[in-house]
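Taking it in order: structure first as structure tokens, then the write-up.
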Amino acid sequence: MEQPQQQSFDGLVELPLFPLNLVLFPGMDLPLHIFEERYKSMIGDCLNQNLPFGVVLIKEGMEVGAAAEPERIGTSARILRSELLDQGRMNIMTKGERRFEIEEIVQREPHVVGRVRFLVELDGEGCSELVTQVNDEYVELVRNLTALTGGYTSRVTVPENPVELSYAIAASLDLETHLRQSLLVTETAAIRLADLIPLLMEGNQSLRERIAKQNPFQGPRLN
């Protein structure tokens, strides 16, 4: 059974943090290999208590060694599966759950712990029109990504919720880390989708070119 996190009177909860050189979006799968002693202990506690931890992009510092300085906005991660290896190392599969904002760092050793506030997700104005604009491009993106690995997808499920759709697109695109963090920080799904439209079109064009190079003799695809 999932253990509730202790929430203080001001709505903040304490969350163990995992600073990484990547951005995790809600709904996104993230496999991790755990080998440092501090994170073996941290992940062990999360597994024993069925609690999430926070993934935050490193602002300053390194993934290994002294505690890094994290960005202010991150995403909580839930452990879906774990595999115990020799010397206490672990492979875990996690999924992003909820965005949060760090209000205060309350611990830096052996691992970082923050007092965080979970953020409310908002659709924003003009969402329905934006969803209509990106639907076909998102379907093509999924099909292109599948084709790049030699597969084919006849049916693509498009998230109906605009917030979920915006994160699904952001997670699927090959973007520079600072752009991914900017999309994570964005307050509404509408603004995020508007920012994603040109990136999505550019991503599909790049994927089409890569697929054409892999299959130079393949004729035009009929939809």
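Read the figures in this text as sums done on the coordinates, not as results from a lab. Bear in mind that the values here come from a model prediction, so they are computed numbers and not experimental data. Here the Cβ is made from the backbone with ideal geometry for all residues, glycine too, and neighbour counts use every protein chain on show.
Bridge orientation summary for the stretch 19-175: considering DSSP beta bridges with both residues in this region, about 95 percent are antiparallel.
Comparing Arg210, Arg143, Arg117, which has the greatest mean-square fluctuation in the GNM of the chain with Cα pairs linked when under 10 Å apart? With Cα springs under 10 Å in the chain, the top fluctuation among Arg210, Arg143, Arg117 is at Arg210. Each principal axis of the Cα cloud of the stretch 95-156 was taken in turn, and the coordinate range along them, longest first, works out to 49, 35, 13 Å. Residue-wise HN-Hα couplings along the stretch 151-168, as the Karplus relation 6.51 cos²θ - 1.76 cosθ + 1.60 with θ = phi - 60° gives them from phi, are x, 8, 10, 7, 10, 10, 8, 9, x, 7, 6, x, 5, 4, 4, 4, 6, 4 Hz; Gly and Pro carry x. For the chain, set up a GNM with springs between Cα atoms under 10 Å and report which of Ala171, Ala147, Ala190 has the largest fluctuation. Of Ala171, Ala147, Ala190, the most mobile in the Gaussian network model is Ala147. Between Arg208 and Leu22, residue separation times 0.36 nm minus the direct Cα-Cα distance comes to 64.4 nm.
Given +1 at the Cβ of Lys and Arg, -1 at the Cβ of Asp and Glu and no other charges, the dipole of the stretch 61-193 around its Cα centre is 460 debye to the nearest 20. Lysines within cross-link reach of Lys59: Cα-Cα under 24 Å, excluding same-chain residues under 8 positions apart? Result set, ordered by chain and number: Lys40, Lys95. Of the residues Ser172, Ser154, the one with the fewest other Cβ atoms within 10 Å heads the list, and the complete ranking is Ser154, Ser172.
Computed over the alpha-carbon atoms, the stretch 127-214 gives an Rg to Rh ratio of 0.97, Rh here being the Kirkwood radius from the mean inverse distance. Could you grab the Rg to Rh ratio for the stretch 9-59? Cα atoms only, Kirkwood for Rh. When Rh is taken as the Kirkwood radius, the ratio is 0.97. For the chain, the square roots a ≥ b ≥ c of the C-alpha gyration tensor eigenvalues yield an a/c of 1.5 or more together with a/b exceeding b/c, which makes the shape prolate. Among Thr75, Thr157, sorting on how many other beta-carbon atoms sit within 10 Å of each Cβ, with the fewest leading, yields Thr157, Thr75.
Dividing the radius of gyration of the alpha carbons in the stretch 13-118 by their Kirkwood radius gives 0.92 for Rg/Rh.
Amide H to amide H, with H built 1.01 Å from N, Gly54 comes under 5 Å of Leu17, Phe18, Ala77, counting only residues 5 or more places away or on other chains. Taking amide H atoms as placed 1.01 Å from N in the peptide plane, the amide H of Asp123 lies under 5 Å from those of Ala189, each 5 or more residues away in sequence or on another chain.
Here r is the Cβ-Cβ distance between Glu69 and Thr149 and R0 is 41 Å; the resulting FRET efficiency, rounded to 0.05, is 0.65. Taking Glu202, Glu14, Glu164 in turn, the Gaussian network model of the chain (Cα-Cα springs below 10 Å) assigns the largest fluctuation to Glu202.
The phi torsions of the stretch 80-90, fed into the Karplus equation with coefficients 6.51, -1.76 and 1.60 and a -60° offset, translate into couplings of 8, 9, 9, 10, 7, 10, 5, 6, x, 5, 9 Hz, rounded to whole numbers, with Gly and Pro shown as x.
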